[in-house]
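One structure is given here, and the rest of the page talks about it.
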Amino acid sequence: MTTLFGPADIAIGMNDSISRVRLFDGPLDLKWHHCATTSDFIADIFALPFQTSRNDYKEIRHNIGYLVNELIENAVKFRQPGEIMIEASMDQQNFKVKVSNVVNDQTATAFQALLSEITIGDPGDLLISRIEANAADPDASGSGLGLLTLMSDYGVRLAWIFSPVDVGDQVHVETFATIPISQSH
């Protein structure tokens, strides 16, 4: 059964002209530094149209890079062996990205439980309560702080689609995000 978390308009909003990057398993093995390198590359490409304003360029490049890095890090951290697909597009108002990967059934269930908590309520309030909970329990993990920071501090809208995979106990996860592109001119 396919399950959606978050607003459906984000999940179906990737019909624009899309750029794709695929990260494959291989002799280099996917590691954390691949996340930063890939997100910097994507941010550089999509911020190029804003080079006429140094401030706009820096802000847009930072925001896109931070968003994409967070989503790729989550995909690398929780994935099953296989590729990670990053698809991105931009229009006049928003940068949109979709990160797809496969996780095991147990990871998908735990992630869905987290999403059912962090997708309701005010992201700012939830962020504060999660920070406090993590301070009280330093061994806590998978708290959703990165996602809540994106929603609270960057105005990112997020959605997820979970679909069963025909092989074993695996689930295909698609993470959709859209971030407003602000310009000073």
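The values are calculated or read from the model by the stated rules, or taken from the named source; none is laboratory data. Bear in mind that the values here come from a model prediction, so they are computed numbers and not experimental data. Here Cβ is always computed from backbone atoms with ideal geometry, including for glycine, and neighbour counts include all displayed protein chains.
Matching residues to (1) surrounded by 14 or more Cβ atoms within 10 Å (Cβ to Cβ); (2) polar (S, T, N, Q):
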{"residue": "Lys98", "(1), (2)": "yes, no"}
{"residue": "Val102", "(1), (2)": "yes, no"}
{"residue": "Gln106", "(1), (2)": "no, yes"}
{"residue": "Ile118", "(1), (2)": "yes, no"}
{"residue": "Gly124", "(1), (2)": "no, no"}
{"residue": "Glu132", "(1), (2)": "no, no"}
{"residue": "Ala135", "(1), (2)": "no, no"}
{"residue": "Ser143", "(1), (2)": "yes, yes"}
{"residue": "Leu148", "(1), (2)": "yes, no"}
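Only one residue in Arg79, Arg130, Arg157 is over 30 Å from Ala47 (Cα atoms) and either of a type in the set (Lys, Arg) or in contact with a Pro (Cβ under 6 Å, 6 or more places away or on another chain) (or both), so which one is that? Going through Arg79, Arg130, Arg157 in turn, just one is over 30 Å from Ala47 (Cα atoms) and either of a type in the set (Lys, Arg) or in contact with a Pro (Cβ under 6 Å, 6 or more places away or on another chain) (or both): Arg130. Where helices (runs of 4 or more DSSP H) fall entirely within the range 92-185, those with at least 3 residues that are among the aliphatic types (A, V, I, L, M) and in contact (Cβ under 8 Å) with a residue 24 or more places away in the chain are at 105-118, 145-154.
Please determine whether any residue of the range 47-59 is closer than 24 Å to Asn104 by Cα, in a helix (DSSP H, G or I) and not hydrophobic (A, V, I, L, M, F, W, C).
Going residue by residue through the range 47-59, those that are closer than 24 Å to Asn104 by Cα are none.
No: zero hits.
Check the range 69-81 and report whether any residue there is over 15 Å from the mean Cα position of the chain (by Cα) and surrounded by 15 or more Cβ atoms within 10 Å (Cβ to Cβ). Yes - at least one qualifying residue is present in the range 69-81. The single condition among (1) surrounded by 15 or more Cβ atoms within 10 Å (Cβ to Cβ); (2) farther than 13 Å from Lys98 by Cβ; (3) at pLDDT below 70 that Pro27 does not satisfy is (1). For Ala88, the conditions (1) crowded, with 18+ Cβ neighbours inside 10 Å; (2) free of Cβ contacts under 8 Å to residues at least 12 places away in the same chain; (3) aliphatic (A, V, I, L, M) are fulfilled apart from (2).
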